[in-house]
Amino acid sequence: MTEENSVGADRNIDEDDLYTFLNLPRDATREQIQQAYRQFSRIYHPDKHTDPARKKEAETLFQKTKYAYEVLYDEVQRAIYDNYGLKNLEEMKHGEQWAVVQRTMTPQEIREEYERLAREQEQRQLYLQTRPKGLVKVRVNATDLFDSYPYDMENEGKMFGDKAIDKWRSVEVSGMSFYQYIEAPLTTRNILSLSGELSTQNGTGSGVLSLSIRRLLSNRGRIAFTVDVGNGPSYSFSGYSTFAKHYFCDYGVGFHFDPEGIGLNLHSAVGVKLDDHLTGMLVFKGERGFSSLSTILQYQAEKLSLSFGIQLGIPDTNLNFSYSRSVIDDSLRLKFGARFGTLGARISYGAQKQVTDHSSVGATVTVGVPHGVSLTLKLTRADQTYLLPVEMCEDILPAPVFYSSILPLVGWIVVKKFIVDPMVRSQAEKDKEKQCKMRKKQMEQKQKEAEAAVNLMRAQFERVRTEEESRGGLVIVEAKYGRIISSGDVRTADSLDQSEVIDVTLPVQCLVKDSKLILYEPSKCHLPGFYDPCVGEDKQLWVQYLFHNNVHEVTVKDSENLRIPKTSHRVNTSS
């Protein structure tokens, strides 16, 4: 159940749909509104009922019918209702402040909504003050699983199973790193940030602590000063500014003190926005033992991202290209990249899947020379990132490429089936139970109103059914509304889940006019004699009817219109 559907279900319960109550389309003419009003007035008019209880029920439904007619027949009231709903229409009519809200809320709902918004505001303020970010990286060396040597004296004479076990035992964690970043606003223009990183590689550890102060000069620029301690002190100054209309620049200079002396690092970049999606940049980097000049062209659209670059440098000169595209409602992003240069060549491909609003998983396979084959798994939760780079093989072999490509896919299918999907279903059930509990009184009121309408329709039902039977017209044999489950190819009354389905044979027959029945697109739970038997679930309407004494059947979704009779609904009863 999507969020949109869930909200729609809430509104169906809280606020009546006047169009559906009179069984009218949204673009109904005034003549159609008058005809519908006359039809239902004949059913609900109190003077047609002598029993005191029935007379009281008829009075309630007649006033509701009259109110729906008055709102929809008046062009001004109808326009307000179409755009803002019943509550705001009533507030305007009574001279109250016109507050545009989605729906009327009970006191309990108001308290819960206020508490939820207060918690979100507190979390948002804390996030804006600190903006925490974290990265955990665990490097795994699994090259012994695939690398083969022509002769291994240590494993000579061992059985195949023992060799396989020894290979799995050789998989080891070769390195780990932890990074954390927070910031604290000092003023509206000055921001202090603190970050730290601890890492270990093959038994050797290191750490860096960084303190930075950033000042916003204007809407067009900023500068920052950073001090790093750990592997020798370093000091750096950087800035960013925009000029003209489409140009920007990024620059920086840093000094690093170590036993070899003072190292100087320089970087600068100049860019221009060529159009709404295309950006070009010229980047220079210079540091001890390495310098480069790069030209980069980037294309960034809603679903597509492309990048092409040429780097001239010492010792690395290369061409690089990257491509990514969002598919399947933007929940899946496919990626591809390539790099060819003096220090080697490599290609990479992968995918990133959005699991929830704040979580995503991804996998990237890299194949290159001299790097070999590697697989990187990625998990992102809010601003926390977890990386698992796995070095599969030092050479390019078919087996590690195949397993690196297929294992993440198989792993995701297993995790989704046995972990993600059960969690989502469990949360949906909890939300449904909570929703039903909150709506219990409203549902009971709607059910009583529907039952009263059915009782008042009985005379109309007998008259319409008799007329249709006499002419061989449209006779409703049976109609069910709710969460309908099919049994094979044919839907029968026995194949329906009775706990979440109601019988609507009588009200559907009463809506038949001149051997025709038309039900329009909005949710049918607002039709006279209907109510919502399964809040928050997808609902359907199943109808079995006779036309010219032939059996017909049809099932439509709650939001679909229904027009009968149709030849395509005819059931073949021949054996």
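The values are calculated or read from the model by the stated rules, or taken from the named source; none is laboratory data. On a predicted model such as this, the values are computed, not experimentally measured, just so you know. Here the Cβ is made from the backbone with ideal geometry for all residues, glycine too, and neighbour counts use every protein chain on show.
Using the structure shown, decide if Lys416 is free of Cβ contacts under 8 Å to residues at least 60 places away in the same chain and surrounded by 14 or more Cβ atoms within 10 Å (Cβ to Cβ).
It is true that Lys416 is free of Cβ contacts under 8 Å to residues at least 60 places away in the same chain and surrounded by 14 or more Cβ atoms within 10 Å (Cβ to Cβ).
Checking each residue in segment 297-351 for being among the aromatic types (Phe, Trp, Tyr), closer than 22 Å to Leu409 by Cβ and in contact with a Leu (Cβ under 9 Å, 6 or more places away or on another chain) picks out Tyr323, Tyr349.
Among the criteria (1) surrounded by 17 or more Cβ atoms within 10 Å (Cβ to Cβ); (2) under 23 Å from Lys133 (Cβ atoms); (3) free of Cβ contacts under 8 Å to residues at least 40 places away in the same chain, the one Pro389 does not fulfil is (3). Here the condition is being modelled with pLDDT of 85 or more and not assigned by the TED database to the domain that holds Lys448; of Ile13, Ile33, Ile80, it holds for Ile33 alone. For segment 559-575, residues that are free of Cβ contacts under 8 Å to residues at least 60 places away in the same chain and buried (at least 17 other Cβ atoms within 10 Å of the Cβ) total 2.
Checking each residue of segment 397-404 against the condition of being of a type in the set (Ser, Thr, Tyr), in a helix (DSSP H, G or I) and surrounded by 15 or more Cβ atoms within 10 Å (Cβ to Cβ) gives at least one match.
Could we say that Glu57 is at pLDDT 85 or above, under 23 Å from Cys525 (Cβ atoms) and acidic (Asp, Glu) here? Here the answer is no, as Glu57 does not meet what is asked. When Phe40 is tested against (1) modelled with pLDDT of 85 or more; (2) surrounded by 16 or more Cβ atoms within 10 Å (Cβ to Cβ); (3) under 20 Å from Gln445 (Cα atoms), exactly one condition is not met: (3).
Taken across segment 357-365, residues that are in contact with a strand residue (DSSP E or B) (Cβ under 7 Å, 6 or more places away or on another chain), more than 28 Å from Tyr181 (Cβ to Cβ) and modelled with pLDDT of 95 or more do occur, with at least one present. I'm told Arg339 meets every condition in (1) within 26 Å of Leu293 (Cβ to Cβ); (2) out of contact with any strand residue (DSSP E or B) (no Cβ under 7 Å at 6 or more places or on another chain) except one. Can you identify the failing condition by its number? Answer for Arg339: the failing condition is (2).
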